[in-house]
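> Right, I'll just put the structure down here and ask away after.
The values are calculated or read from the model by the stated rules, or taken from the named source; none is laboratory data. As the structure is a prediction and not an experimental result, all values here were calculated from the model. Methodologically, a virtual Cβ is constructed for each residue, glycine included, from the backbone with ideal geometry; neighbour enumeration extends over all protein chains shown. Note: areas computed on protein heavy atoms with side chains; ligands, DNA, RNA excluded. Shrake-Rupley method; radii C 1.70, N 1.55, O 1.52, S 1.80 Å.
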Amino acid sequence: MRNTWILIKNYFNCFLHNIFSKKNEKFKYGSAVLFLLLFGGIFIFMFTSLAINTTTEAIKFGEPIIALYLNASMSLLFVILMTITKSTTSTKSNDDELLLSLPVTKTNIVSAKVFYDYLFDFVIVLITLLPSYVVYLYLVPDASFLMLLRGFIVIITLPMLSSAFGYFIGLFFSFLSRHFKHYSIIQSIITIVILVLFLGSYYGIAFISTSDSMNGANMIMNLEPVKWIVNFVNKSDLLSLLYMIFP
């Protein structure tokens, strides 16, 4: 267990090193942590503002629950983007060989990687989804504190769905990298397509969220992963929760 935690710490240190690769260790880690806090604060403010606008418009429309669907879809959009981005970044073979040469078992390596990926996804889900539940609880009179608790359960379990999705994507891109000579070009094209789709989806959801008529909300409300989230948060549907844990 100790080796697993050491590996998790190492993954985190490598992540900070990729943000700021300065020679001064204290400056490097201090700058990286400050950057992450600032970046997280901006996202929290952005998603809180979006949740306020979405919930306010949904209340005016007479269907506050629409806000839960729209906010859940926006959170899923960011989770999918980060999952795909993380999964398409290939691990250097020499890094894997270095880990295998250390006095740690393969179980320690896999466990550390899985838990690190879970924590990474958990932070994203927490930042993007929690503000919407807090705002909904504050603005909607019929909302109960139990809804907020169920929302936090969703935040804990949703990264499991993201991790499962990420492993399949990782296997697909690993297959491409082994069988195509110009994999880097293919990867760049796919990345551009993903970014275009992300921007289009983001502005589409943002437009629906601030629209008086809520046009297009029905399409989002029929998306299965979004329905799983809202059904559990709003109706305590345990089957929807199981879908998120065991996709």
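> Of 181, 113, which residue is at pLDDT below 80, in a loop (DSSP other than H, G, I, E, B), open to solvent by 20 Å² or more (accessible area, probe 1.4 Å) and basic (Lys, Arg)?
Sole residue among the options that is at pLDDT below 80, in a loop (DSSP other than H, G, I, E, B), open to solvent by 20 Å² or more (accessible area, probe 1.4 Å) and basic (Lys, Arg): 181.
> Still on this structure, I have one more. Quick check on residue 154: is it assigned to a helix (DSSP H, G or I), over 22 Å from residue 82 (Cα atoms) and not hydroxyl-bearing (Ser, Thr, Tyr)?
no
> Filter segment 127-144 for residues that are without any contact (Cβ under 8 Å) to a residue 40 or more places away in the chain, assigned to a helix (DSSP H, G or I) and farther than 19 Å from residue 73 by Cα and give the result.
Listed by number, the list holds a single entry, 138.
> Pull up segment 223-247, narrow it to residues that are in a loop (DSSP other than H, G, I, E, B) and at pLDDT 80 or above, then point me to the one that is surrounded by the most Cβ atoms within 10 Å (Cβ to Cβ).
Ranking the qualifying residues of segment 223-247, first place goes to 237.
> Quick check: is even one residue across segment 19-38 of a type outside the set (Phe, Trp, Tyr), modelled with pLDDT under 65, within 27 Å of residue 201 (Cβ to Cβ) and in a helix (DSSP H, G or I)?
yes
> Restricting segment 127-144 to residues that are loosely packed, with under 15 Cβ neighbours inside 10 Å and modelled with pLDDT under 90, which is farthest from residue 42 (Cα to Cα)?
142
> Quick one: residue 100 ticks every box in (1) at pLDDT 80 or above; (2) assigned to a helix (DSSP H, G or I); (3) not β-branched (Val, Ile, Thr) bar one, so which box is it?
For residue 100, the failing item is (1).
> Next up: Any chance segment 147-158 includes a residue that's modelled with pLDDT under 90, of a type in the set (Phe, Trp, Tyr) and open to solvent by 20 Å² or more (accessible area, probe 1.4 Å)?
no
> Here is a follow-up. Checking the conditions here, which among 105, 91 is within 30 Å of residue 185 (Cα to Cα), among the polar types (S, T, N, Q), modelled with pLDDT under 70 and surrounded by fewer than 17 Cβ atoms within 10 Å (Cβ to Cβ)?
Exactly one residue qualifies, and that residue is 91.
> Regarding segment 193-213, can at least one residue be identified that is polar (S, T, N, Q) and farther than 25 Å from residue 70 by Cβ?
The answer is no; no qualifying residue exists.
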